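No value in this document is a laboratory result; all are computed from the given coordinates. All of these numbers come straight from a predicted model, not from anything done at the bench. When we count neighbours, we look across all protein chains shown, and the Cβ atoms used for this are built from the backbone with ideal geometry, even at glycine.
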Amino acid sequence: MNKVISSDIKTNKRLSMRQIMNLYQVTKEFKGNIYFICNHKLVEAKKLSTFVSFVLILQECATLKVILEGENVQAMLEKVQTICKKNDSNKLGFQSNQTVNIE
């Protein structure tokens, strides 16, 4: 059964290129879709060129919303959060929102 979950990510610093590539790699393996939203702009994480451009033009202290839809979304959300937290100097904060089931 597919589920949808979203989470807010508050960034104090831009993500590194390594973090961006790690996010891209795990989204390619995910059986579902992952979207990032910031300033009314939406990007699908599986599209490398648009995803990299999107993340690189984000202003510092931006709030991103990540939306995951597919199977095992909670585990994938944890992977995304782990990748974003790897650089301690980023000081990222996360808030999980409601999970919605889609049949």
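What are the ³J(HN,Hα) couplings of segment 67-75, residue after residue, when phi is run through the Karplus curve with 6.51, -1.76, 1.60 and θ = phi - 60°? Round to Hz, x for glycine and proline.
Per-residue couplings from phi come out as 10, 10, 9, x, 8, 6, 5, 5, 5 Hz.
Provide Rg and Dmax in Å for segment 7-66, with only Cα atoms included in the calculation.
10.7, 31
Check cross-link reach from K13 to the lysines: straight Cα distance under 22 Å, and skip same-chain residues fewer than eight apart.
Within the straight-line limit of under 22 Å, K13 reaches these lysines: K41, K65, K79, K85, K86, K91.
Add +1 for every Lys or Arg and -1 for every Asp or Glu among the other residues with Cβ under 10 Å from the Cβ of T27, and state the total.
So the environment of T27 carries a net charge of +2.
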